[in-house]
Amino acid sequence: MTFLEWMPQRPGLRSLLALAACLSCAATAFADRVAVTINGLEEAMLESARANLELKHYEERDVSPAQTQRLFDRGKEQIARSLEPFGYYNPTIEGRLERPEPGKFHAIFAVQRGDPVIVRQARIEVSPDAAELAPVKLALEKFEPKHGARLDHGAYERSKQLIATALANDGYLSAQPIRHKVSVVRSANTADIDLAFDAGPRYRLGELRFSKSQFPDSFLQQYKLWEDDEYYSADKLLSLQQSLVDADYFTSVGVAPDLEHATDGVVPIDVMLIPAKRTVYTANLYFSTDSGPGIKLGAQRRWLNKRGHKLGGEIEYSSRLQEISTTYQIPKPGPRNRNYTIGAGYRDEETDTSRSRMARLAANEVTERWKGFTRTLGLQYLNGDFEIADQRGSTSLLYADGLLTRKKADDAYFPAAGYSLLYGLRFAFESLLSDTSFTQVRAEGKWLRKVGEDGRFIARAALGAMVVDNFDALPPELRFFAGGDRSVRGFDYQQIGEVNSTGGVIGGEYLVVGSGEYEHYFLDNWGAAVFVDAGDAFKSSFNANVGTGIGLRWKSPIGLVRVDIARPVVTELDKSWRVHLVIGPDL
């Protein structure tokens, strides 16, 4: 029997279905839409009022007249409650419900916040020993709202959490608020804050326990950054985690105190490690107008043995540069986290002004966190021949090399704010396996700042100076040049420098370069730039070479692409237009 054959035999069911259909039609016929307007509030309070107003949530739904009226009647009280977190406990709210046309309601609320509740007394207490610690003291000093200020429950909760975090970060892991009360007198528009923390015992750092990994515990324990029985510090745990991440042995590093097994005020620290892939291969294609198209291939063995030694190599080939290099790295983890690196390589580079074929040996010590910088100290040995302008030469140089670098950015891919710094010192003595004595200092900096919603300003500078006994014995890489994609645009790579008697560019003993650039992004991934670059590489007298131009910017999947068209405007050199292309990060 089909459903249609069965239906006539059930008259009661037919009546119920007919009634349901009629009710559904009636509901549809009487369904309305409602719009809500709240006047008199600023953005943050308006957002809170909208979120707390139940009627606002029905703007996109069908609602009956009776339901609309019921929700409207609750509206004043709901808006009033939404203002209390901001310190307004006695607002005046007027409302009216209009029906501008059939099927539509318009609820309008006019709000006057009234006088705010003022903090009459703020009593904040922390156990005396804990209160003397600098981070806790700072959190207490920053507590808001203060005496005489408008009551703000959000600021109160944030300040309370700031104190709790400061206590926990310095070892008071069981600290708890024993009093946390905000008393409001509506009639007087006043409030009293009473907050007290019981800090409890201050914990000390206990056993450092590593999960099973590719390294023995004896090696991993070298990463420990504290002495035995030292007070617990969240900063030290974060530094330990960062050191292990920077070591590049692991894909994941987790560091956490084991409070469950803390005894006698000593808490063990657990470190969870997940090994990374042992061998990494890289291949990069690139293009720039300085070096032309090129490819870079690399391989790295992240650890060779149980002591964490590393081995890496790179091959680079482009129309102007061919280079092969290898490095062997020995880590020395600990409070003075550092690496010893031994390297060797061969580099053949040709520019419009020079050709250099150099073999290099290097030995360096790299300290990652040295007074806010990454410090590199080492020895470099160069041996090879070169051509600069119409001059040919060969050199053998052993020189000491020191670098301080620092980089900070709010985004690694496309920073809106950040900077990079480099300070360098080199020196050699002719009596120590060198063809000449020299001392060279240099400094480079780059600074980015956001301008408005869609713009960035970028400033760049480079300075250098040297004292040298025999300038002609220096290969091109130890002389100063200017010009090119990352120097003074509008000029060819290393086009700017001191010239010899035949007019060939031979570089300089001093370097001064500066740049200012503004970028504006008219789409999410596309922007334009205007810039001015200036500089000179010279021996005795500075002659400014100035280039200016415009550029296109594209946030591509492989990095920021910069295409610039520039022309010299102040120079004694050729004033032709030039195109510059660079792909890569800003800092």
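The values are calculated or read from the model by the stated rules, or taken from the named source; none is laboratory data. Fair warning: this is a prediction, and the values are worked out from it, not measured in the lab. Cβ placement follows ideal geometry from the backbone for every residue including glycine, while neighbour counts extend to all protein chains displayed. With ligands, DNA and RNA removed, areas are computed over all heavy atoms of the protein, side chains included. Shrake-Rupley method; radii C 1.70, N 1.55, O 1.52, S 1.80 Å.
On the basis of being basic (Lys, Arg) and under 30 Å from Ile93 (Cβ atoms), does Lys137 make the cut? Can you show your working first?
On the way: basic (Lys, Arg): yes; under 30 Å from Ile93 (Cβ atoms): no.
Spelling it out, it is not the case that Lys137 is basic (Lys, Arg) and under 30 Å from Ile93 (Cβ atoms).
For segment 520-539, the criterion of being at pLDDT 95 or above, farther than 18 Å from Arg460 by Cβ and either exposed (fewer than 13 other Cβ atoms within 10 Å of the Cβ) or of a type in the set (Gly, Ala, Ser) (or both) is satisfied by at least one residue. Only a single criterion out of (1) open to solvent by 50 Å² or more (accessible area, probe 1.4 Å); (2) in contact with a Pro (Cβ under 8 Å, 6 or more places away or on another chain); (3) of a type in the set (A, V, I, L, M, F, W, C) is not satisfied by Val441, namely (2). In the set (1) more than 30 Å from Ser187 (Cβ to Cβ); (2) open to solvent by less than 40 Å² (accessible area, probe 1.4 Å), Ser48 fails one condition alone, (1). The numbered conditions (1) in contact (Cβ under 8 Å) with a residue 60 or more places away in the chain; (2) among the hydrophobic types (A, V, I, L, M, F, W, C); (3) crowded, with 18+ Cβ neighbours inside 10 Å; (4) in contact with a helix residue (DSSP H, G or I) (Cβ under 8 Å, 6 or more places away or on another chain) are all true for Ala262 except (4).
Could you please let me know if Gly551 is surrounded by 21 or more Cβ atoms within 10 Å (Cβ to Cβ) and within 25 Å of Asp390 (Cβ to Cβ)? Here the answer is no, as Gly551 does not meet what is asked.
For every residue, the table says whether it meets (1) at pLDDT 95 or above; (2) on the phi > 0 side of the Ramachandran plot; (3) in contact with a Lys or Arg (Cβ under 9 Å, 6 or more places away or on another chain); (4) not aromatic (Phe, Trp, Tyr).
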{"residue": "Glu314", "(1), (2), (3), (4)": "yes, no, yes, yes"}
{"residue": "Thr327", "(1), (2), (3), (4)": "yes, no, yes, yes"}
{"residue": "Gly334", "(1), (2), (3), (4)": "no, yes, yes, yes"}
{"residue": "Ala344", "(1), (2), (3), (4)": "yes, no, yes, yes"}
{"residue": "Asn364", "(1), (2), (3), (4)": "yes, no, no, yes"}
{"residue": "Trp370", "(1), (2), (3), (4)": "no, no, yes, no"}
{"residue": "Ala417", "(1), (2), (3), (4)": "no, no, yes, yes"}
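Every condition in (1) at pLDDT 95 or above; (2) closer than 17 Å to Glu477 by Cα; (3) out of contact with any Phe, Trp or Tyr (no Cβ under 8 Å at 6 or more places or on another chain); (4) open to solvent by 30 Å² or more (accessible area, probe 1.4 Å) is met by Asp401 except one, and the failing one is (4). If you filter segment 129-146 down to residues that are open to solvent by 100 Å² or more (accessible area, probe 1.4 Å) and in a helix (DSSP H, G or I), you find that the one that is farthest from Tyr203 (Cα to Cα) is Glu141. Of all residues in segment 480-514, those satisfying the criterion of being assigned to a strand (DSSP E or B), more than 13 Å from Thr353 (Cα to Cα) and open to solvent by 20 Å² or more (accessible area, probe 1.4 Å) are Tyr510, Leu511, Val512, Gly514.
Can you confirm whether Ala149 is open to solvent by less than 50 Å² (accessible area, probe 1.4 Å), over 26 Å from Ala35 (Cα atoms) and without any contact (Cβ under 8 Å) to a residue 60 or more places away in the chain?
Criteria met by Ala149.
Restrict the check to segment 421-435 and report whether at least one residue is open to solvent by less than 50 Å² (accessible area, probe 1.4 Å) and on the phi > 0 side of the Ramachandran plot. No, the conditions are met nowhere in segment 421-435. With respect to the conditions (1) part of a loop (DSSP other than H, G, I, E, B); (2) of a type in the set (D, E, K, R); (3) within 28 Å of Asp390 (Cβ to Cβ); (4) open to solvent by less than 20 Å² (accessible area, probe 1.4 Å), Asp586 lacks only one, and its number is (3). Highlighted here would be strands (runs of 3 or more DSSP E) found entirely within segment 156-225 that include at least 3 residues which are open to solvent by 40 Å² or more (accessible area, probe 1.4 Å), of a type in the set (Ser, Thr, Tyr) and under 30 Å from Thr251 (Cα atoms), but there are none. Given the residues Gln322, Gln300, which is the only one that is closer than 22 Å to Tyr381 by Cβ, open to solvent by 50 Å² or more (accessible area, probe 1.4 Å) and among the polar types (S, T, N, Q)? Unique residue meeting the criteria: Gln322. Using the structure shown, decide if Tyr58 is under 42 Å from the mean Cα position of the chain (by Cα) and modelled with pLDDT under 90. It is true that Tyr58 is under 42 Å from the mean Cα position of the chain (by Cα) and modelled with pLDDT under 90.
For segment 68-110, which positions are of a type in the set (S, T, N, Q), over 40 Å from the mean Cα position of the chain (by Cα) and either open to solvent by 50 Å² or more (accessible area, probe 1.4 Å) or within 30 Å of Ala188 (Cβ to Cβ) (or both)? Selection gives Gln69, Gln78, Asn90, Thr92.
For segment 361-398, name all the residues that are open to solvent by 60 Å² or more (accessible area, probe 1.4 Å), free of Cβ contacts under 8 Å to residues at least 24 places away in the same chain and assigned to a strand (DSSP E or B). If the condition is that a residue be open to solvent by 60 Å² or more (accessible area, probe 1.4 Å), free of Cβ contacts under 8 Å to residues at least 24 places away in the same chain and assigned to a strand (DSSP E or B), then Leu361, Leu379, Arg392, Ser394 are the ones that fit.
Ala256 satisfies every condition listed in (1) under 25 Å from the mean Cα position of the chain (by Cα); (2) open to solvent by less than 30 Å² (accessible area, probe 1.4 Å) except (2).
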